[in-house]
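I have placed the structure first, in the form of structure tokens, so that the comments after it can refer back to it.
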Amino acid sequence: MSQATLETDRISRVLKSSTWLNLLLAAQLIAGLVYAYFTGDMGSRWTHFVLPFIWFTASVWVIWHTRPVTKRRVYRIGAALVVALYLIVMFYFSGLLGPSTSHFGQLTGPSGFGITWGQSLGWSPVFVYTGDLITVSLIPYQA
């Protein structure tokens, strides 16, 4: 393969990736502005509005550019267990997962499920579940 062909392929990949990145950023900006328009809330600080977009974009970029190569089922099962354990630990330390508490009773009611609004996009809506053993809060950009 000649050097010119390699350069053309590389430039083509960069252009394609940057086009998709710009489309993703534009869609996020439009969604954020529409949300802010209809709810009237952009958050108390501009960082509260931008932070979820940064994490979402980074997550999409990682998923887009990851190419798993392992074909052995044992490795996949092991990786799934490590990921599940990691998520449980991260959810616990971030406060999204914890022991059951009655503090959310007024929010969740007798069903145990509740939704809160009133924050900027990415921070709202917060989905809350309170059961007999655990309480789970899902903040969109953190989950």
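Bear in mind that the values in this text are calculations on the coordinates, not laboratory data. On a predicted model such as this, the values are computed, not experimentally measured, just so you know. FYI the Cβ positions are ideal-geometry reconstructions off the backbone, even for glycines, and counts take in every protein chain you see.
From most to least packed by mean Cβ count within 10 Å, the peptides 85-98, 54-67 give 85-98, 54-67.
R0 = 30 Å: FRET efficiency of S102 with A79, Cβ-based, nearest 0.05? Taking R0 as 30 Å, the efficiency between S102 and A79 is 0.20.
Each label was represented as a point 7 Å from its Cα along the Cα-to-Cβ direction; for T57 and Y86 these points are 2.3 nm apart.
3J(HN,Hα) along segment 18-27, derived from phi through the Karplus expression 6.51 cos²θ - 1.76 cosθ + 1.60 where θ = phi - 60°, amounts to 5, 5, 5, 5, 5, 5, 5, 5, 5, 5 Hz, with x in place of Gly and Pro.
Sorting the segments 68-81, 22-35 by their mean number of nearby beta carbons within 10 angstrom, highest to lowest, gives 22-35, 68-81.
Taking amide H atoms as placed 1.01 Å from N in the peptide plane, the amide H of T135 lies under 5 Å from those of G98, S100, each 5 or more residues away in sequence or on another chain. Taking each residue as 0.36 nm, the span from F127 to L21 lengthens on full extension beyond its C-alpha to C-alpha distance by 35.3 nm.
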